[in-house]
Each structure stands twice: as structure tokens, then as C-alpha cells.
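The next block holds one structure in the form of C-alpha cells; read it before the comments.
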Amino acid sequence: MFDILIAMAILVLIAPFLLLLTALLFLNDPGPVFYAHRRVGYRGRFFPCLKFRTMRIDGDAILQRYLAENPAAQQELAVTYKLRDDPRVTAVGAILRKFSLDEFPQLFNVLAGQMSIVGPRPVVLAEVERYGRQFEVYCRVRPGLTGLWQISGRSDVSYATRVRMDIDYVCRKGLALDLWLLFRTIPAVAFSRGAY
């Protein structure tokens with residue numbers, strides 16, 4: 001109930017802004033505006049995690065060329081599953097990522113019951129091994145739009161720390177904690193700590 005009410009309220013409030021973002025994304029790089037990425041969620045089930053598309057349509061080819069020319073980038077991608085200076089990201093996409101605006105479509109994942117407002121961030125299959133035996137704990141809750149990792153530096157913290165935060169959240173989950181994390185998300189996003 002908490003998730004559905006919050007998601008609907010946010011969508012109603014930001015509907016005009018979402019339309020503006022949609023238009024800007026299409027004008028910047030014509031093609032699909034949304035991107036559905038296969039993630040692992042509640043009880044280990046896969047679901048299509050929605051995002052605004054922030055990368056160029058030919059992103060795979062761009063990435064292959066970039067990694068072939070930059071061994072350091074290969075290492076960074078292997079460790080963090082992200083690139084600080086990703087050559088695939090469009091100009092508008094970079095701004096959306098900086099302020100986590102690309103994740104607004106996940107409110108529809110919340111309404112579909114695939115995600116929660118607060119919880120661990122959804123992971124891709126390749127990340128499951130990072131959780132080891134703790135992956136079963138991760139699967140006890142729905143992944144969230146925000147959580148301990150988002151307010152604690154995001155990509156600036158190690159993956160092992162992220163796993164500990166996710167497990168800590170699952171063990172302490174409750175309405176009071178969710179409200180506190182939701183409140184702390186606003187300054188974290190506004191100052192784009194650890195976002196790229």
C-alpha cells in the first residue's frame with residue numbers, strides 16, 4: 001500500500017516533467033525512449049527494470065571499440081559494472097544519470113509489484129555471485145528505487161560495502177526506516193553523490 005500510494009503520487013506530480021524528459025531524449029538521440037533491462041528481483045525472479053534510455057542505440061559497438069583501446073576501462077567495468085566516463089551515454093542521458101532521473105520509469109515497476117520504493121537496487125545476473133550466500137537474503141524483499149546504498153555514496157562505495165548495506169537493510173526493514181531513507185534520498189540525489 002505504501003509503495004503504490006507513493007508511486008502514484010509521484011507520477012501524478014511529475015507527469016508534465018516526464019513528458020518533457022521524453023521529448024528531450026528523443027530529440028537528442030531519436031529511437032526508443034525507454035529501456036527495459038533484465039534484473040533479478042524478489043524471490044530471485046527476473047523482471048524488466050525500466051529506465052529512460054540514456055545510451056546511444058549503437059552503444060554495444062561503441063563500448064567494444066572503447067574497451068579495446070582502454071585496458072583501464074576494461075578493469076573498471078569488471079570491478080564496478082559501470083564506467084565513470086561511459087562513451088555510450090548521450091548528452092541528455094548524462095544529465096539524467098547524474099540526478100538519477102533516468103530511474104523515474106521504475107515507478108511503473110513499483111505499480112506492477114516488481115519493485116518497492118525503498119530496498120536494495122535491482123541487480124543483473126552477473127552480480128549475483130558478488131552476494132555469495134547472502135543472495136538468499138537479498139531475494140527476501142523487492143528491489144527498490146532508493147535505499148542505503150543510494151544515500152551512502154552509490155558508485156563511490158565498494159561493491160562489498162553495497163552488499164553489506166543491502167543485507168543490513170533487509171534485516172532491519174520497516175516503515176520507519178523506509179521513511180527515513182526516502183527523506184535522505186532527496187539531498188543525496190540533489191547533490192548527485194556517487195552518481196555517474
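The values are calculated or read from the model by the stated rules, or taken from the named source; none is laboratory data. Note that the structure is a prediction, hence the values are computed from the model and not measured. FYI the Cβ positions are ideal-geometry reconstructions off the backbone, even for glycines, and counts take in every protein chain you see. Accessible surface areas use protein heavy atoms only, side chains included; no ligands, DNA or RNA. Shrake-Rupley method; radii C 1.70, N 1.55, O 1.52, S 1.80 Å.
Please give the per residue accessible area of the chain, computed with a probe of 1.4 Å over protein heavy atoms only, in Å².
I get 54 Å² per residue for the chain.
Enumerate by residue number the trypsin sites (Lys or Arg not before Pro) in region 1-99 meeting two conditions: DSSP loop (anything except H, G, I, E, B), and at most 14 other Cβ atoms within 10 Å of the site's Cβ.
Taking region 1-99 and a limit of 14 other Cβ atoms within 10 Å, the loop trypsin sites (Lys or Arg not before Pro) found are R45, K82, R84.
For region 99-196, what does the alpha-carbon gyration tensor say about shape, rounded, prolate or oblate, given a ≥ b ≥ c as the root eigenvalues, a/c under 1.5 as rounded, and a/b over b/c as prolate?
Judged from the Cα gyration tensor, region 99-196 comes out rounded (a/c under 1.5).
Report in % the part of the accessible area of the chain that belongs to carbon and sulfur, leaving out ligands and nucleic acids; probe 1.4 Å.
On the way: 6770 of 10550 Å².
The nonpolar share, carbon plus sulfur, comes to 64 percent.
Given the chain, what percent of its DSSP beta bridges are antiparallel, to the nearest 5? Mind dumping the intermediate values first?
Numbers: 9 of 11 bridges.
Of all bridge pairs located within the chain, approximately 80 percent are antiparallel.
How big is the dipole moment of the chain about its Cα centre under a simple scheme where the beta carbon of each Lys and Arg is +1, that of each Asp and Glu is -1, and everything else is neutral? Debye, nearest 20, please. Can you show the working numbers first?
Details: 25 positive and 17 negative charges, 86 e Å.
With only Lys, Arg, Asp and Glu charged at Cβ, the dipole is about 420 debye.
Taking a ≥ b ≥ c as the square roots of the eigenvalues of the Cα gyration tensor of region 60-136, is the shape rounded (a/c under 1.5), prolate (a/b larger than b/c) or oblate?
The shape class here is oblate.
Arrange the residues W180, W149 by how much accessible surface each exposes, largest first, with a 1.4 angstrom probe. Could you put the intermediate results ahead of the total?
On the way: W180 110, W149 30 Å².
The ordering from most to least exposed comes out as W180, W149.
Pull out a ≥ b ≥ c, the square roots of the eigenvalues of the alpha-carbon gyration tensor of region 1-49, then state rounded if a/c is under 1.5, prolate if not and a/b is larger than b/c, and oblate in the remaining case.
oblate
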